[in-house]
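First the structure, in the form of C-alpha cells, and then the observations on it.
The values are calculated or read from the model by the stated rules, or taken from the named source; none is laboratory data. Source: prediction; values computed, not measured. Virtual Cβ from ideal backbone geometry, glycine too; neighbours counted across all protein chains shown. To get the accessible areas, we keep the full protein, side chains included, count just its heavy atoms, and leave off ligands, DNA and RNA. Shrake-Rupley method; radii C 1.70, N 1.55, O 1.52, S 1.80 Å.
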Amino acid sequence: MSLLGSSLAVVAGRSVGIIIQFVAGVILARLLTPNEFGVFAVAAGVASLLNALREFGSSTFLVRAPAVDRKTVGSVLIVSTGMSTILGGIIALSASWLSAFFGDHRLELLLYVLAGNCLLVPPAMLGNALLVREQRFLALTAIETVSAVAGALVMVGLALVGAGPLALALGASISTLSVVVMTIMAKPQGWVLCFSLRHVKSVVTFGGWVTGMSLVAQFSERVPELVLGRTQGVTAAGLFDKAGALSRLVGSFAGPVIHSVLLSQVAEENRRSADMSTAYFRRLAVLSSVAWPAFLFVAIQAEPMVLLTFGAQWGQAVPVASWAAINAMLTTPFLLADNLLITKGLVQDLFWQKLVLLCGRFLVILCASPFGLVVVSAVLLAPNLAYLWLNQKSVLSLVGSRWGVLFRSLRQATVLAAAVGAATLWAARGCSGVGTAEMIQELIMTGALAAGVWVLVSLLGGGPMTEVSRRIMVRLWRRATAGWQTRNGQR
C-alpha cells in the first residue's frame, strides 16, 4: 500500500474511532460533572507521567531496527514488562499519598485501577509496534475501532449507574485489554510472548533516551492540569482538560498518520539510506495544509462546538478552547520532526528540546495561574514557539537546509489557513443565535463554506497539497465511475 493509501486508510479508520469517542464524550459530559472529570484528569495526569517508562522506548526500537527476530522481540518484551510492573507498583503504593496531596479521596481508587492497567501495556505495545513495522494499517485500524467501542461502552454504562470518575478509569483499562485480545487475533509476524536477554543492553541504551524524552513530553502535556489542580482546584483542571478536547479530537486524525504511517516510512527510508530532506518538507507542507485550517476553524467556532458538544455547564471553557486550538495549530505539523530525529539517532537532542518546553510551560503556567484559565492558555504560546525554533533548527542542520526552505514549504498552508479563517469569520458574523438549532445551523453553514474554500484553494494553489488533492479526487472519481459501470452492468 502506498504512503497516500496508508494515510487515507488510517484516517478513515480513525474517523470511526473519533465518532465513537465523540458520541461517548457527549454523553459522558452530561452524565459527569466538571469536578468528576477533573478528578480523573488529575489521576490520568499522574499516571501519564510514568506512561513513557512502561515500554521504555521498546516500540520505537522495534520499528527502526534493521531486522527483527525472536531474540529481539524477547528482549523488548522483558524490558517493557519489567518497567511496567515496577511503575504499576509505584503508582499503587503512592495512591494514598497522592490522594491526600490533592485533597480528594476518590483519586486513590482511580490510581489503583490505572496501576493495574500497566500490566496490559507490554503485549499491546509489542503487537502494535510489529504491525506498524509491517505497515498493516488496516489491522491497526480494526484494533483501534474495537478498543474504542469497548472502552466507550464501559464508560457510558458505568456512568449511567453512578460510578462517577471510576467509569473513565475502568473504560480505559477495558480498552487496553481489547487491544491485547485483537493483537493476538491479528498474529503479527514475530509476535511471541517469550523473554530473551540477548539484546537487552541495546534496548536499554536506546530506550533510555527515548523514555526520557517521552516522559518529559507526557509531563509537558499534563502539567497544566497538575498545576491548576493544585493551585486552583480540580474543577479548574477539569475545565482546562475539557477545553483541549476539541483540539485533541482534531489532532487525533494526524497523530496516527505521524506516529504510525510516517514513522514506519521514515525508518524504511533510513534503512535504504534515502535522501530525507525533500520528503520532510513535502510532508510538512501537506500536513500543515490540512492541520492549520482545521485548527483555525475550531478556534473561531469554539463557542458553538463546546456548547453543543459538552453542554452549557462547560461554557467557561470556550475561550480556553480557542487558545488551545491555536497552540495545536502551531505545533501539530512539526511533530514530523520527532520521527526524523529519532530515526537518525538524535534522541538526545530531542530530549533536551522537550525539557526546555517542559520548563517553559511549567514556569508560565505557574506565573499565569492566578490570572485565570484564559491567560494560562494564551501564554502557552511562548514556550511552544521557543520549542519549535530549537526543534526545527536541529532538523535543518540534519538535512542540510535553511530557514528559507522551511518557510517556503509552509506558504500554501498559510494561504489555506487565511482563506478558511476569512470564510469562517464572514459566515459566522451573521449568526448570533444561542439556541441549539441556531448553533447547529451556524456550524453547518460555516463548516460547509470553510470546506468548500479549502478544496477550491488546495486544488488551484499549485503547492504540494494541490498534487495530493488532485490524486485523491482522481481516485474518488475512478471508484465512483467503476461503481456506476458495475451497477449498469448488473442491470
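Does any residue of the stretch 460-478 turn out to be under 30 Å from the mean Cα position of the chain (by Cα), over 23 Å from PHE281 (Cβ atoms) and at pLDDT 80 or above? Looking through the stretch 460-478, none of the residues is under 30 Å from the mean Cα position of the chain (by Cα), over 23 Å from PHE281 (Cβ atoms) and at pLDDT 80 or above.
The number of residues in the stretch 1-60 that are farther than 30 Å from PHE101 by Cβ, part of a helix (DSSP H, G or I), at pLDDT below 70 and not small (Gly, Ala, Ser) comes to 6. Pairs linking a residue in the stretch 210-235 that is modelled with pLDDT under 80 and of a type in the set (A, V, I, L, M) to a residue that is open to solvent by less than 60 Å² (accessible area, probe 1.4 Å) and outside any helix (DSSP H, G or I), with Cβ atoms under 7 Å and 6 or more positions apart or on different chains, are VAL210/GLY57; VAL234/ASP104.
When the stretch 65-94 is filtered for residues that are in a helix (DSSP H, G or I) and open to solvent by 70 Å² or more (accessible area, probe 1.4 Å), the ones remaining, listed by number, are ARG70, LYS71, THR85, ILE86, ILE90, LEU93. Restricting attention to the stretch 200-209 and to residues that are open to solvent by 50 Å² or more (accessible area, probe 1.4 Å) and in contact with a helix residue (DSSP H, G or I) (Cβ under 7 Å, 6 or more places away or on another chain), the residue that is modelled with the lowest pLDDT turns out to be TRP209.
One line per residue, one yes/no per condition, for (1) within 20 Å of the chain's Cα centre (by Cα); (2) closer than 23 Å to VAL68 by Cα; (3) modelled with pLDDT of 85 or more; (4) of a type in the set (Asp, Glu):
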| residue | (1), (2), (3), (4) |
| --- | --- |
| LEU119 | no, no, no, no |
| MET125 | yes, yes, no, no |
| ASN128 | yes, yes, no, no |
| ARG133 | yes, yes, no, no |
| ALA142 | yes, no, no, no |
| VAL149 | yes, no, yes, no |
| ALA167 | no, no, yes, no |
| SER173 | yes, no, yes, no |
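Looking at ARG272, ARG248, ARG282, can you tell me which residue is at pLDDT below 75, basic (Lys, Arg) and open to solvent by 40 Å² or more (accessible area, probe 1.4 Å)? Testing whether each residue is at pLDDT below 75, basic (Lys, Arg) and open to solvent by 40 Å² or more (accessible area, probe 1.4 Å) leaves just ARG272.
LEU398 falls short on exactly one of the conditions (1) touching a helix residue (DSSP H, G or I) at 6+ places or on another chain (Cβ under 6 Å); (2) touching a residue at least 40 places away in the same chain (Cβ under 8 Å), and that condition is (1). Listed by first and then second residue, the pairs linking a residue in the stretch 66-84 that is closer than 25 Å to VAL113 by Cα and polar (S, T, N, Q) to a residue that is open to solvent by less than 50 Å² (accessible area, probe 1.4 Å) and in a loop (DSSP other than H, G, I, E, B), with Cβ atoms under 8 Å apart and 6 or more places separating them unless they lie on different chains, are SER80/PHE56. The numbered conditions (1) within 21 Å of the chain's Cα centre (by Cα); (2) open to solvent by 20 Å² or more (accessible area, probe 1.4 Å) are all true for ASN327 except (2). All conditions but one from (1) free of Cβ contacts under 8 Å to residues at least 60 places away in the same chain; (2) open to solvent by less than 40 Å² (accessible area, probe 1.4 Å) apply to LEU126; the one that does not is (1).
Is there a residue in the stretch 314-323 that is open to solvent by 20 Å² or more (accessible area, probe 1.4 Å), at pLDDT 90 or above and out of contact with any Lys or Arg (no Cβ under 8 Å at 6 or more places or on another chain)? Yes; the residues of the stretch 314-323 include at least one that is open to solvent by 20 Å² or more (accessible area, probe 1.4 Å), at pLDDT 90 or above and out of contact with any Lys or Arg (no Cβ under 8 Å at 6 or more places or on another chain). Of the helices (runs of 4 or more DSSP H) that lie entirely inside the stretch 341-425, those containing 1 or more residues that are more than 25 Å from SER247 (Cβ to Cβ) and open to solvent by less than 70 Å² (accessible area, probe 1.4 Å) span 347-368, 381-399, 403-409. Here ALA43 fulfils each of the conditions (1) closer than 25 Å to ALA245 by Cα; (2) touching a helix residue (DSSP H, G or I) at 6+ places or on another chain (Cβ under 7 Å); (3) open to solvent by 10 Å² or more (accessible area, probe 1.4 Å) apart from (3).
Of the residues in the stretch 292-311, not one is open to solvent by 10 Å² or more (accessible area, probe 1.4 Å), over 19 Å from THR436 (Cα atoms) and not in a helix (DSSP H, G or I). For the stretch 95-123, a tally of residues being free of Cβ contacts under 8 Å to residues at least 24 places away in the same chain and open to solvent by less than 30 Å² (accessible area, probe 1.4 Å) returns 2.
Among the residues of the stretch 180-198, those identified as open to solvent by 30 Å² or more (accessible area, probe 1.4 Å) and under 22 Å from LEU119 (Cα atoms) are VAL181, MET182, ILE184, MET185, LYS187, GLY190, TRP191, VAL192, LEU193, PHE195, LEU197.
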